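**Q** Let me begin by handing over the structure; questions about it come next.
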Amino acid sequence: MNLETLLAGLPDYAKDLRLNLSNVLRQPELTEQQAWGTAVAAAAASRNAELSAAILEEAAAHLSPEALRAAKAAAAIMGMNNVYYRFLHLVNNEKYSTIPARLRMQVIRSHGGDPVDFELWCLAVSAINNCQACVGSHERVLREKGVSEETILASVRIAAVIHALAATLELERIPSPTFAA
């Protein structure tokens, strides 16, 4: 199913999401590649196969194969890192922070995409996965690279809308209760 059809099938209560998606994918603070890469990474992080398929289909017209691979790589690596570093943040035991992670993360350096775009995509996934340590780290790197707060927030807006769309699609799979008159 393509993205337009998927959005048209959303229930009326999710009209804001439908309208927001078209707006956030055209924010002037982001390049087309940044916007669609964020959408791909956020859809993967949101774990809805229907939405991911529709986003991937549409993104193919907006992303190079290298950028698409990098966006997927950002979702994959942050899926792992967010769990690990969120644990380190949540647990009240400093000893864990002194133990090496021993997790392979080479794709962070070898993703083949634009480094700033990759950081935006990692940030978006980390926001969805609620990892304070990773959100802080990627936001800091982006600011050090000269990326504005407006651009950073534009990427997070996409993540927020995509995540809400995924939740709505999952909710709509649940049969509605029947109410007595």
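**Q** So which residues in segment 40-73 are of a type outside the set (A, V, I, L, M, F, W, C) and either within 23 Å of S126 (Cβ to Cβ) or in contact (Cβ under 8 Å) with a residue 60 or more places away in the chain (or both)? Steps first, please.
**A** Step one: of segment 40-73, the residues of a type outside the set (A, V, I, L, M, F, W, C) are 46-48, 50, 52, 57-58, 62, 64-66, 69, 72.
If the condition is that a residue be of a type outside the set (A, V, I, L, M, F, W, C) and either within 23 Å of S126 (Cβ to Cβ) or in contact (Cβ under 8 Å) with a residue 60 or more places away in the chain (or both), then S46, R47, N48, E50, S52, H62, E66, R69, K72 are the ones that fit.
**Q** Sort through R157, R109 and tell me the only one that's modelled with pLDDT under 90 and not aliphatic (A, V, I, L, M).
**A** Values: R157 fails: modelled with pLDDT under 90.
None of the others qualify; the one that does is R109.
**Q** Between R69, R18, R86, which is within 18 Å of S137 (Cα to Cα) and in a helix (DSSP H, G or I)?
**A** Working: R69 fails: within 18 Å of S137 (Cα to Cα); R18 fails: within 18 Å of S137 (Cα to Cα).
The unique qualifying residue is R86.
**Q** Continuing with this model, one more query. Could you identify the single residue in L103, L120 that is of a type outside the set (S, T, Y) and farther than 21 Å from S46 by Cα? Show your work before the answer.
**A** Working: L120 fails: farther than 21 Å from S46 by Cα.
Sole residue among the options that is of a type outside the set (S, T, Y) and farther than 21 Å from S46 by Cα: L103.
**Q** Kindly indicate whether S126 is free of Cβ contacts under 8 Å to residues at least 60 places away in the same chain, of a type in the set (S, T, N, Q), in contact with a Cys (Cβ under 7 Å, 6 or more places away or on another chain) and part of a helix (DSSP H, G or I). Please lay out each step first, then the result.
**A** Working: free of Cβ contacts under 8 Å to residues at least 60 places away in the same chain: yes; of a type in the set (S, T, N, Q): yes; in contact with a Cys (Cβ under 7 Å, 6 or more places away or on another chain): yes; part of a helix (DSSP H, G or I): yes.
Against the criterion (free of Cβ contacts under 8 Å to residues at least 60 places away in the same chain, of a type in the set (S, T, N, Q), in contact with a Cys (Cβ under 7 Å, 6 or more places away or on another chain) and part of a helix (DSSP H, G or I)), S126 qualifies.
The values are calculated or read from the model by the stated rules, or taken from the named source; none is laboratory data. Since the structure is predicted, the reported quantities are computational estimates derived from the model, not experimental observations. Note that we place each Cβ from the backbone using ideal geometry, even for glycine, and neighbour counts take in every protein chain shown.
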